[in-house]
Amino acid sequence: MENRAMLGFTILLLCYDSFASNAEEAFDIRHHLSTVTRYHVVKEKKKNFLASPSIPNQCSPIHLNLVARHGTRDPTKKWIKDMDTLSIRLKSLVKNAKERGSSLENLPPWLQNWSSPWKGKTRGGYLVPEGEDELYNLGIRIKERFPELFSDNYHPDIYHIRASQVPRASASAVAFGMGIFSGQKEGKHRAFAVASESRANDIMLRFHDCCQNYREITKNQESVVQKLKQPVLDEIKGSLTTRYELNFTLNDISSLWFLCKQEASLFNIIDQACGLFTNDEVNLLEWTDDTETFILRGYGNSLNYRMGVPLLEDVISSMEQAIIANKGTHVILHFYLHQWFYIKYKLHVERHAPGSYEKARLRFAHAETLVPFSCLIGLFLDESEFEKLQREETMELPPKPPQKRIWKDSEVAPFGGNNALVLHHCPSNNETKYFVQVLHNEQPMPMAGCGKADFCPFEVFKEKIASPHLKHNYNNICKGKLEQMDNESYTTKLLEMLSWFF
């Protein structure tokens, strides 16, 4: 009996060791790269999710709105300069350590002679080939998923494509178009147009650039973000200094974390800069990135997403036009002047010819576009948080590890991240009904504003989710007088919330 008990205890220990080992092996840093996460990593993580079974068989898609971030890109000019500086800095750290007589036996060999892979480049931020593939393949998959919407040959009135004027966004639009319009015209690619607005006036896709009040508030928020990051960076700096006997600074830790994310994302290298950090340290660094995005672009401040109202207006308007077109008619009002000077009118109904109305509105922009738009439609919230959103209350920051959190940049806005709002027509015996399905990174998303359903009646979506935001005007939001007291009060609340973590 005693031997059996010992055998059982031994088996339990082995199972626990196996479980712990598998858990350790399951940690893949490529899933923790914040907004530098590759799209295929997100797809791989969600591969076991099934398409929503909630769409009735009699329903069919009649229109699609897409808001997509550009695909994977190389570092921007600013970060290329920072990596050149880091290369010089690392050599200096190693030299100083040798002069102090440190053994450096724990120092990774790559670090002693590292040079930036972007050395000599004067430009950056461009779409890389992997980024082109992400958007090209996304186009193919969307076409295969919604063949009813993409059966027509390309025409700008049927498929409206828009991108910001930044090259990586317009190149992403072209790559997507090559995927979605492939096979047309006897197997050849069909030429298509991509519309753009100047950066100074693009309140649809680069509203953050045009919003004066947002720029003003962001200056204060950035200081809050630095106070958030400092305790984490201090802790990790101390650990790395002890571990590798190099006198790292906070700036060194930030630069090495950036290098880690770029190496893992662009080159699939996870044993150099990323190898300097433990899994727990990666989780903390990822949390600081996620919380920075939350504060500066997400639910942290209502202005972050309210300034995206022109984009939301465009989405709702396109759905309403699609509903009218689906009914086969549009209405023209003819006004007449009556002999007694009363104005009279009559309705004239014209029928739409098949293939003469819009089926998709496709937009390609940035994380600064996708994140606020996701907030406008209430994604990544539970129902109690959505109620706070409706009351325009300050949202709590994402909880610090090891606590679980919903808001993760790697899922909210990876490279190539996207929201597709698909309008469905669902005939019924009593009346014709229209429903909206939101696909985030191609997965159906439960909407807190629609009782956590992922298939929401259009009128409910419009009235409960969109209308509370549509009451705001972009010019008033971005150019109206910014209340200093409100700004100071908000910053104070953020600092109070940060005190809970440390």
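Residue pairs whose Cβ atoms lie under 7 Å apart, sitting 6 or more positions apart in sequence or on different chains, and linking a residue in region 216-243 that is of a type in the set (S, T, Y) to a partner that is not in a helix (DSSP H, G or I), are T241/N247; T241/F248.
If we keep just the residues of region 121-144 that are under 25 Å from D271 (Cβ atoms) and free of Cβ contacts under 8 Å to residues at least 60 places away in the same chain, which is farthest from the chain's Cα centre (by Cα)? Break it down stepwise before answering.
Our first condition is that a residue be under 25 Å from D271 (Cβ atoms); within region 121-144, this holds for 121, 124, 128-131, 133-134.
With the extra rule that they be free of Cβ contacts under 8 Å to residues at least 60 places away in the same chain, the set shrinks to 121, 124, 129.
Working: K121: 28, G124: 21, P129: 20 Å.
Ranking the qualifying residues of region 121-144, first place goes to K121.
Can you confirm whether region 202-218 contains a residue that is under 20 Å from P398 (Cβ atoms), of a type in the set (D, E, K, R) and outside any loop (DSSP other than H, G, I, E, B)? No, every residue in region 202-218 fails to be under 20 Å from P398 (Cβ atoms), of a type in the set (D, E, K, R) and outside any loop (DSSP other than H, G, I, E, B). Restricting attention to region 196-243, the residues that are open to solvent by less than 60 Å² (accessible area, probe 1.4 Å), farther than 30 Å from L284 by Cβ and β-branched (V, I, T) total 0.
So that you can scan it fast, the table gives a plain yes or no per residue for (1) outside any loop (DSSP other than H, G, I, E, B); (2) at pLDDT 95 or above; (3) out of contact with any Phe, Trp or Tyr (no Cβ under 9 Å at 6 or more places or on another chain):
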site: L135; (1), (2), (3): yes, yes, no
site: K143; (1), (2), (3): yes, yes, no
site: D152; (1), (2), (3): no, no, no
site: R168; (1), (2), (3): yes, yes, no
site: A200; (1), (2), (3): no, no, yes
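Scoring D290 on the criteria (1) under 21 Å from L90 (Cα atoms); (2) in contact with an Asp or Glu (Cβ under 6 Å, 6 or more places away or on another chain) leaves a single failure, condition (1).
Within region 391-400, the set of residues being in contact (Cβ under 8 Å) with a residue 60 or more places away in the chain and surrounded by 15 or more Cβ atoms within 10 Å (Cβ to Cβ) comprises T394, M395, L397, P398, K400.
Condition first: part of a helix (DSSP H, G or I) and modelled with pLDDT under 95. Can you find one or more residues in region 389-412 that meet it? Looking through region 389-412, at least one residue is part of a helix (DSSP H, G or I) and modelled with pLDDT under 95.
Here region 421-461 is the region considered, the condition is being of a type in the set (F, W, Y) and assigned to a strand (DSSP E or B), and the residue that is farthest from the chain's Cα centre (by Cα) is Y434. If you go through region 281-297 and pick out every residue that is over 14 Å from L33 (Cα atoms) and of a type outside the set (F, W, Y), you end up with 3. Here V460 meets the list (1) farther than 22 Å from Y305 by Cα; (2) open to solvent by 10 Å² or more (accessible area, probe 1.4 Å) almost entirely, failing just condition (1).
Among the residues examined, N251 does not qualify as at pLDDT 95 or above, assigned to a loop (DSSP other than H, G, I, E, B), open to solvent by 60 Å² or more (accessible area, probe 1.4 Å) and not charged (D, E, K, R). Of the residues making up region 144-159, those that are buried (at least 18 other Cβ atoms within 10 Å of the Cβ) and in contact with a helix residue (DSSP H, G or I) (Cβ under 9 Å, 6 or more places away or on another chain) are L149, F150, Y154, Y159.
Within region 263-277, the set of residues being part of a helix (DSSP H, G or I) and open to solvent by 10 Å² or more (accessible area, probe 1.4 Å) comprises L266, F267, G275. Of the residues making up region 473-502, those that are buried (at least 16 other Cβ atoms within 10 Å of the Cβ) and at pLDDT 90 or above number 3.
Within the group G71, G120, which residue is of a type outside the set (A, V, I, L, M) and either crowded, with 16+ Cβ neighbours inside 10 Å or within 18 Å of N441 (Cβ to Cβ) (or both)? I'd like the intermediate steps shown before the answer.
On the way: G120 fails: either crowded, with 16+ Cβ neighbours inside 10 Å or within 18 Å of N441 (Cβ to Cβ) (or both).
Sole residue among the options that is of a type outside the set (A, V, I, L, M) and either crowded, with 16+ Cβ neighbours inside 10 Å or within 18 Å of N441 (Cβ to Cβ) (or both): G71.
From the list L303, L285, L233, the one residue that fits, being of a type outside the set (S, T, Y) and in contact with a His (Cβ under 9 Å, 6 or more places away or on another chain), is L285. Look at (1) touching a residue at least 60 places away in the same chain (Cβ under 8 Å); (2) surrounded by fewer than 16 Cβ atoms within 10 Å (Cβ to Cβ); (3) in contact with a helix residue (DSSP H, G or I) (Cβ under 7 Å, 6 or more places away or on another chain) and you find that W110 fails only one, number (3).
Could you check, for region 415-423, whether at least one of its residues is over 17 Å from L66 (Cβ atoms) and at pLDDT 95 or above?
Keep residues of region 415-423 that are over 17 Å from L66 (Cβ atoms), which gives none.
Within region 415-423, none of the residues are over 17 Å from L66 (Cβ atoms) and at pLDDT 95 or above.
The values are calculated or read from the model by the stated rules, or taken from the named source; none is laboratory data. Note that the structure is a prediction, hence the values are computed from the model and not measured. Positions of Cβ are backbone-derived with ideal geometry, glycine not excepted, and every protein chain shown enters the neighbour counts. For accessibility, only protein heavy atoms count, side chains too; no ligands or nucleic acids. Shrake-Rupley method; radii C 1.70, N 1.55, O 1.52, S 1.80 Å.
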